Amino acid sequence: MPKTIQTTPENAVKNAVMQFLRQNGIYHWRHNVGGIKRKGRLIKYGVTGQSDIMGILNGGKFLAIETKVYPGEPTPAQADFLTFVNTIGGIGIVAYSVDDVKKRLQKEGFV
């Protein structure tokens, strides 16, 4: 019998957002942050606070999307990252659903 892959509610939001971005031709990638211990050494990857999904919009505008499920909120580091992205002219979004991404990208004229 095939093994069923379990997903978390937050992963369901990530997957739905990435599907929406694909359908709208928006270049994006999933970005993990964490670390692994090898031979007694901790090897970290990613930057603390960076968003779950990143991309590049038409015209070269940077896109960062932090996915959450209610009642979750971004950590202080995640909020700082999104603030930075918005401050430098990119689009930083906290997404509890695809609608959050769609509304912001429509407002900015990208969908």
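The values are calculated or read from the model by the stated rules, or taken from the named source; none is laboratory data. In this text the structure is predicted, and so the values were computed from the model without any measurement. Cβ placement follows ideal geometry from the backbone for every residue including glycine, while neighbour counts extend to all protein chains displayed.
Conditions tested, residue by residue: (1) farther than 17 Å from Val17 by Cα; (2) of a type in the set (D, E, K, R).
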position: Ser51; (1), (2): no, no
position: Met54; (1), (2): no, no
position: Gly59; (1), (2): yes, no
position: Ala64; (1), (2): no, no
position: Tyr70; (1), (2): no, no
position: Asp80; (1), (2): yes, yes
position: Asn86; (1), (2): yes, no
position: Gly89; (1), (2): yes, no
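So, in the stretch 91-111, of the ones that are small (Gly, Ala, Ser) and surrounded by fewer than 19 Cβ atoms within 10 Å (Cβ to Cβ), which residue ends up modelled with the highest pLDDT? Selected residue: Ser97.
The residues of the stretch 26-46 that are loosely packed, with under 11 Cβ neighbours inside 10 Å, outside any strand (DSSP E or B) and modelled with pLDDT under 85 amount to a single one, Asn32. Reported count of residues in the stretch 47-77, each being among the hydrophobic types (A, V, I, L, M, F, W, C), within 9 Å of the chain's Cα centre (by Cα) and assigned to a loop (DSSP other than H, G, I, E, B), is 0.
All of Ile56, Ile65 fail the test of being free of Cβ contacts under 8 Å to residues at least 60 places away in the same chain and farther than 17 Å from Asn11 by Cβ, apart from Ile56.
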